[in-house]
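Colleague: Mind having a look at this structure? Questions to follow.
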Amino acid sequence: MTKELDILKKWVNESDNIVFFGGAGVSTESGIPDFRSVDGLYHQQYDYPPETILSHTFYRKKTEEFYRFYRAKMLALDAKPNAAHKKLARWEQEGKLRAVVTQNIDGLHQAAGSRTVYELHGSVHRNYCEKCRAFYDAEYILQAAGVPVCEKCGGTIKPDVVLYEEGLDTATVQGAIRAISHADILIIGGTSLTVYPAAGLIDYYNGKKLVLINKSVTPMDSRADLLLQGSIGEIFSRL
């Protein structure tokens, strides 16, 4: 992989218009489980499959059970940014990286110092009362008993995360498309590129430096101008 790393280093050094598009694999090295790996949430046993629990219908019909799973498996508030998060934040500060587009909801990119982050699936750190729209942080959700309710009006508080059956935020998607379509280098890391519509965003990239970094094969490998297989944290720490 030394040759590929050298090429990527050269591209990064010469660019001031990098966009990074990442998925769950960026956060697994911070101790947050992904959904599809051998150790991911899809391979653990629950009364309902995770994709059912994390659906809009389940949230509406079985809100208390939704929150039991959500608190136990989705709120990793002790997780810290890893080498990939930190390197991306540094590139932004150096004027090399224009944006991070992420499928993750953990807020670790911002914790590392990144400012321009398009969170396609929302964030556990934003929660709103469904009645009065009052804001609550993730710690409030974690500490609440049962279904968290608003201290102001008594309404149910809903996480600002995109559940199954829900659409992506239009402004966030438009911002991500704008960044990707104007990028010199698009680095895609830690994602299986099988979750749509998010995975379809790479179709907006018009450049000739598409970099794919992942531990396993993805459906888009043949489209990559540069392919690196391995731990994204390890690879980024070597750049």
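The values are calculated or read from the model by the stated rules, or taken from the named source; none is laboratory data. Worth saying up front: this structure is predicted, and the values here are computed from it rather than measured. Note that we place each Cβ from the backbone using ideal geometry, even for glycine, and neighbour counts take in every protein chain shown. Just the protein is used for accessible areas: all its heavy atoms, side chains included, with ligands, DNA and RNA removed. Shrake-Rupley method; radii C 1.70, N 1.55, O 1.52, S 1.80 Å.
Colleague: Looking at 222, 99, 162, which one has the Cα that reaches farthest to the positive end of the dipole of the chain (charges on Cβ: Lys, Arg +1; Asp, Glu -1)?
Modeller: It is 99, whose Cα lies furthest towards the positive end.
Colleague: As an exercise, take the mean of 1/r over every pair of distinct alpha carbons in the chain, invert it, and state the Kirkwood radius in angstroms.
Modeller: Working: mean 1/r = 0.0537 Å⁻¹.
Computed over the chain, the radius equals 18.6 Å.
Colleague: Please compute the per residue accessible area over the chain with all protein chains in place, 1.4 Å probe, rounded to a whole number of Å².
Modeller: Working: 11640 Å² over 239 residues.
I get 49 Å² per residue for the chain.
Colleague: Just the number, please: carbon plus sulfur as a percent of the accessible area of the stretch 89-239, 1.4 Å probe, no ligands or DNA/RNA counted.
Modeller: 48
Colleague: Okay, moving on. Show me 205-211, 142-148 ranked by packing, highest mean number of other Cβ atoms within 10 Å first.
Modeller: Ranked by mean Cβ neighbours within 10 Å, highest first: 205-211, 142-148.
Colleague: Round to the nearest 0.05 the FRET efficiency obtained for residue 126 and residue 6 when R0 = 41 Å and r is the Cβ-Cβ distance.
Modeller: Calculated transfer efficiency: 0.55.
Colleague: Taking 0.36 nm per intervening residue step and subtracting the Cα-Cα distance, what contour gain separates residue 229 from residue 56 on full extension? Intermediate results must be reported in sequence, preceding the final value.
Modeller: Working: separation 173, 0.36 × 173 = 62.28 nm, distance 3.48 nm.
Stretched fully, the residue 229-residue 56 segment lengthens by 58.8 nm.
Colleague: How high is the FRET efficiency from residue 135 to residue 164, r the C-beta distance, R0 35 Å, rounded to 0.05?
Modeller: 0.90
Colleague: At a 10 angstrom cut-off on C-beta neighbours, averaged per residue, how do the peptides 217-224, 122-129 rank from highest to lowest?
Modeller: Sorting 217-224, 122-129 by mean packing, highest first, produces 122-129, 217-224.
Colleague: Sticking with this structure for a sec: Contour minus end-to-end for residue 208 and residue 174, with contour as 0.36 nm per residue of separation and end-to-end as the Cα-Cα distance?
Modeller: 10.1 nm
Colleague: Let me ask something else about it. If you take the Cα atoms of the stretch 176-239, find Rg, then find the Kirkwood Rh from the mean of 1/r over all pairs, what is Rg/Rh?
Modeller: Checking Rg against Rh, the ratio lands at 0.95.
Colleague: May I ask you to evaluate 6.51 cos²θ - 1.76 cosθ + 1.60, the Karplus curve with θ = phi - 60°, for each residue of the stretch 97-109 and list the ³J(HN,Hα) values in order in whole Hz, giving x for glycine and proline?
Modeller: 9, 8, 6, 10, 10, 10, 8, 7, 10, 8, x, 6, 5
Colleague: A follow-up question, please. Leaving out same-chain residues fewer than 8 places away, which lysines sit with a Cα under 27 Å from that of residue 131?
Modeller: Correct list for residue 131: 61, 62, 73, 152, 158.
Colleague: Over the stretch 134-239, what relative contact order in percent results from Cα pairs under 8 Å that are six or more residues apart?
Modeller: 18
Colleague: Quickly rank 13-26, 156-169 as a protection proxy: mean count of other C-beta atoms within 10 Å, highest first.
Modeller: Highest mean packing first, the order is 13-26, 156-169.
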